[in-house]
Amino acid sequence: GESVGLHLPTLSVQEGDNSIINCAYSNSASDYFIWYKQESGKGPQFIIDIRSNMDKRQGQRVTVLLNKTVKHLSLQIAATQPGDSAVYFCAENNANTGFQKLVFGTGTRLLVSP
Amino acid sequence: DTAVSQTPKYLVTQMGNDKSIKCEQNLGHDTMYWYKQDSKKFLKIMFSYNNKELIINETVPNRFSPKSPDKAHLNLHINSLELGDSAVYFCASNKLAGGQETQYFGPGTRLLVL
């Protein structure tokens, strides 16, 4: 069945370090992937997305890597800041459906120490 | 100037009651969604509407009835509330029902059923 999972439920880093959050997905038909950041008491906030015809995409301080061979997605955050502390979710869109249906991973909590 | 807004932010009620949650987006999007986030932060889609028509119904109990009076609004009515309905409910929207358009989330409604 469809599933999106994360390897590490909690990631603790020091301010200034680079962070890598990983995500495994099982649906080879998925064609669109998104990373969301959720701060305490708030809704998920879009960070970056990537389509299946790409293997890398960069934003401001963030990079998403997609490896379709092993069905793996990662989010890299450069020079992590305390404000980056949040729960991060990956989500995949199942391309087999006619409409967008996002399947979310279980989330990884990122803790950044000053 | 909030893009996706929800009311109320908090809702505490007794088991067996009927309650409604409202969502509005001012982004001009065609598609709106309801998600449920449980106590373990797992985020799962419940419903999706495109131009006021239901397009996704993820085997949610029929005590939950979404209604879309126009494409900028998607409300969620819940009958005979149960303890297990306690969760955070998020509304989201995007421009197109299919394809690879980012979903934008509201701030959430925290429902506690006693």
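The values are calculated or read from the model by the stated rules, or taken from the named source; none is laboratory data. Just so we're clear, the structure is a prediction, and the values are computed from it rather than from any experiment. When we count neighbours, we look across all protein chains shown, and the Cβ atoms used for this are built from the backbone with ideal geometry, even at glycine. Quick note on the areas: whole protein, heavy atoms, side chains included, nothing else; ligands and nucleic acids left out. Shrake-Rupley method; radii C 1.70, N 1.55, O 1.52, S 1.80 Å.
Quick look at the numbers
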item: Criterion: aliphatic (A, V, I, L, M) and open to solvent by 60 Å² or more (accessible area, probe 1.4 Å) - qualifying residue of B:12, B:60, B:4; result: B:12
item: Pair list, Cβ < 6 Å and 6+ apart or interchain, from segment A:46-73 residues that are farther than 17 Å from residue A:105 by Cβ and in a loop (DSSP other than H, G, I, E, B) to residues that are at pLDDT 95 or above and not β-branched (Val, Ile, Thr); result: A:55/A:66; A:61/A:78
item: Residue list for segment A:20-77, restricted to those being more than 19 Å from residue A:93 (Cβ to Cβ) and among the basic types (Lys, Arg); result: A:42, A:61
item: Residue list for segment A:80-94, restricted to those being among the charged types (D, E, K, R) and away from chain B (no Cβ under 14 Å); result: A:84
item: Given (1) surrounded by 17 or more Cβ atoms within 10 Å (Cβ to Cβ); (2) at pLDDT 95 or above, index of the condition residue B:30 fails; result: (2)
item: Subset tally (residues that are within 9 Å of another protein chain (Cβ to nearest Cβ) and not in a strand (DSSP E or B)) for segment B:53-111; result: 12
item: Residue A:20 in a strand (DSSP E or B) and either open to solvent by 30 Å² or more (accessible area, probe 1.4 Å) or more than 11 Å from every other protein chain (Cβ to nearest Cβ) (or both); result: yes
item: Of all residues making up segment B:41-57, the number that are more than 13 Å from the chain's Cα centre (by Cα) and either touching a residue at least 60 places away in the same chain (Cβ under 8 Å) or crowded, with 18+ Cβ neighbours inside 10 Å (or both); result: 2
item: Any hit, segment B:7-16, residues being assigned to a strand (DSSP E or B) and more than 16 Å from residue B:81 (Cα to Cα); result: yes
item: Check on residue B:65, over 14 Å from the mean Cα position of the chain (by Cα) and more than 23 Å from residue A:103 (Cβ to Cβ); result: no
item: Those residues of segment B:94-113 which are among the hydrophobic types (A, V, I, L, M, F, W, C) and either closer than 13 Å to residue B:21 by Cβ or at pLDDT 85 or above (or both), in sequence order; result: B:105, B:111, B:112, B:113
item: Qualifying residue in segment A:83-94 (condition: acidic (Asp, Glu) and part of a strand (DSSP E or B)); result: yes
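Conditions (1) surrounded by 20 or more Cβ atoms within 10 Å (Cβ to Cβ); (2) of a type in the set (D, E, K, R); (3) at pLDDT 95 or above, marked per residue:
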residue	(1), (2), (3)
A:24	no, no, no
A:38	yes, no, yes
A:74	no, no, yes
A:79	no, no, yes
A:95	no, no, no
